[in-house]
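Asker: Provided herewith is a single structure, encoded as structure tokens, for subsequent inquiry.
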Amino acid sequence: MGLPAEFLDTMKALLGGEYEEYLQSFERESLQGIRVNTSKIDVDAFLQKSPFLLQNVPWTENGFYYEKQDKVTKHPYYYAGLYYVQEPSAMIPASRLPVEKGDFVLDLCAAPGGKATELGARLQGGGMLLANDISHSRAKGLLKNLELFGIGNVYVTSENSEKLKKAYPGFFDKILIDAPCSGEGMFRRDPAMVKDWMDKGPEYYVPIQRELLLDAADMLKPGGMLLYSTCTFSVQENEENIAFLLENRKDMQLIRPEWNENFSSGKKSGYEDCIRVFPHHARGEGHFAALLWKKSEEGQKKQQKRAPAESAFSKKSAAKLFADCPECADFMRQVKKSFSGSLVFQKERLYLLPPATEIKPQIRYLRTGLYLGDLRKKRFEPSQAFAMCLKAEDFSGSISFDSEDERVLRYLKGETLDLSGTEWAEYKGWVLVCVDGYGLGFAKAANGTLKNKYYAGWRMQ
């Protein structure tokens, strides 16, 4: 691989006696990983079900290396959102931000969703995740991955950090910035990144990263934590950016995250608590992460409880809707068993907002809470997103197939299924189709058949 001379000189100065060992790492293949969705299944249960050859990623309890021959994106468990395919080093940032159930969390540069899905999973249905990406097209892919993972307590936005800061000042308990960067740590995995580096380089990204850091610090509540990460080796984009933040936001403090023996320390004096990952030291690509805490005054560490936001969907209008649509009322009973929040009706779409949250009028949203479904001519059609939040036991009409049952693949391809000769032959109405108890999507049963309602854009090819 042809690497720019300027880059090689910088790495030689950065690594010293380890430089040749770093160059030798380019002769080794990049490793692939999956991360288990712990909001749906615990790690031990997944390992008992998994058909793959897996090895633990040492810095992430729910992360695993898999073998190339494993077709992880073709298995029904992938379509059930039981895991996310992710480069192993990229699992570090979300794992080192100590998210707790009930936190209000911001992932500022979230697409395609590798970090956001983990943050959402760790919330365990409590609090709220705001996942943002300035690129509207990339934010669409982010939304799909969050829905696939069954993250319902989520807002997905496509805004710049300055606009978000005005809408959410001092609001979040935890913030992750996986910043756009020069990508030096990904050269081995994606040689195309070399051309981007030659066209732009670290100098292009530093002003962008610093603006993100300052705006994020202003959106963090006192006592909250911010994690900044990149996939580059550049000291300018890493330690020097942290120094810039600390100089300009005196209430921010660098703290040491949970450490792992595969990590290297920061490359600037006074910044040893920053995480460095080098491919000649660890089984992953190059990465950087720094954890910061926003100082709080005495008695300010615990934020006052947020008051529930007023629902735009009143009890009176809800009662009328449910009276006009018994099918909708039945679905809402299913919702109340597993979810809490505020119902909002927008045109024909019904959403469930996370508790104590509201829709900000100045923000461009792609999703506001859990999209439950559509009301059409007094009929309720449940959404794909709703199905991904459910298990077989959550829904009165559910049918579950074994992962090796050929009907699972046929369903994922959009085919109609024959129910004649089964206990479902006489059943009529909506059915939650599952694989080993985990929701895949909805179907409509009638006349001994299961009419497929799996979202066309997600179908297996």
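Asker: Take the conditions free of Cβ contacts under 8 Å to residues at least 60 places away in the same chain, under 16 Å from residue 271 (Cα atoms) and either hydroxyl-bearing (Ser, Thr, Tyr) or outside any strand (DSSP E or B) (or both) and apply them to residue 203. Does it pass?
Answerer: No, not satisfied.
Asker: Among the residues of the stretch 213-239, write down those that are part of a helix (DSSP H, G or I), open to solvent by 20 Å² or more (accessible area, probe 1.4 Å) and of a type outside the set (Asp, Glu).
Answerer: Listed by number, the list holds a single entry, 214.
Asker: For the stretch 254-271, enumerate the residues that are within 21 Å of residue 207 (Cα to Cα) and not in a loop (DSSP other than H, G, I, E, B).
Answerer: 254
Asker: Looking at (1) over 23 Å from residue 126 (Cα atoms); (2) more than 14 Å from the chain's Cα centre (by Cα), find the lone condition where residue 34 falls short.
Answerer: (2)
Asker: Hey, another quick one. Report every pair of residues separated by at least 6 positions or lying on different chains whose Cβ atoms are under 6 Å apart, first residue within the stretch 108-122 and within 13 Å of residue 178 (Cα to Cα) and open to solvent by 10 Å² or more (accessible area, probe 1.4 Å), second assigned to a helix (DSSP H, G or I) and among the charged types (D, E, K, R).
Answerer: Every condition considered, the pairs that remain are 111/138.
Asker: Taking only pairs six or more apart or across chains, which ones have beta-carbon atoms under 6 Å, a first residue in the stretch 136-161 that is closer than 16 Å to residue 384 by Cβ and of a type outside the set (A, V, I, L, M), and a second residue that is assigned to a helix (DSSP H, G or I) and modelled with pLDDT of 95 or more?
Answerer: Pairs found: 145/117; 147/385; 149/117.
Asker: Listed residues 258, 247, 203, 272; which is open to solvent by 30 Å² or more (accessible area, probe 1.4 Å), on the phi < 0 side of the Ramachandran plot and within 23 Å of the chain's Cα centre (by Cα)?
Answerer: One residue alone meets the criteria, 258.
Asker: Pairs, please: C-beta under 8 Å, at least 6 apart or cross-chain, first residue of a type in the set (Phe, Trp, Tyr) and in the stretch 18-36, second open to solvent by 50 Å² or more (accessible area, probe 1.4 Å) and at pLDDT 95 or above?
Answerer: Taking only residues 6 or more apart or on different chains, the pairs are 19/12.
Asker: Taking the condition over 27 Å from residue 128 (Cα atoms), free of Cβ contacts under 8 Å to residues at least 60 places away in the same chain and out of contact with any Leu (no Cβ under 7 Å at 6 or more places or on another chain), does residue 73 pass?
Answerer: In short, yes.
Asker: Identify the residue in the stretch 5-51 that is crowded, with 19+ Cβ neighbours inside 10 Å and of a type in the set (Phe, Trp, Tyr) and, among all such residues, is farthest from residue 186 (Cα to Cα).
Answerer: It comes out as 46.
Asker: Exactly one of these conditions fails for residue 442: (1) modelled with pLDDT of 95 or more; (2) open to solvent by 30 Å² or more (accessible area, probe 1.4 Å). Give me its number.
Answerer: (2)
Let's see how each residue does on (1) assigned to a helix (DSSP H, G or I); (2) in contact with a Ser or Thr (Cβ under 6 Å, 6 or more places away or on another chain); (3) on the phi < 0 side of the Ramachandran plot; (4) of a type in the set (Val, Ile, Thr):
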position: 78; (1), (2), (3), (4): yes, no, yes, no
position: 81; (1), (2), (3), (4): no, no, no, no
position: 94; (1), (2), (3), (4): yes, no, yes, no
position: 100; (1), (2), (3), (4): no, no, yes, no
position: 105; (1), (2), (3), (4): no, no, yes, yes
position: 111; (1), (2), (3), (4): no, no, yes, no
position: 116; (1), (2), (3), (4): yes, no, yes, no
position: 126; (1), (2), (3), (4): no, no, yes, no
position: 129; (1), (2), (3), (4): no, no, yes, no
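Asker: So, one more: Given the conditions (1) crowded, with 19+ Cβ neighbours inside 10 Å; (2) assigned to a helix (DSSP H, G or I); (3) of a type in the set (Val, Ile, Thr), report the number of the one that residue 156 does not fulfil.
Answerer: (2)
The values are calculated or read from the model by the stated rules, or taken from the named source; none is laboratory data. The structure presented is a predicted model; accordingly, all values stated were derived computationally and were not measured. Neighbour counts run over all protein chains shown; Cβ positions are idealised from the backbone, glycine included. What goes into the accessible areas is simple: the full protein's heavy atoms, side chains included, and nothing from ligands, DNA or RNA. Shrake-Rupley method; radii C 1.70, N 1.55, O 1.52, S 1.80 Å.
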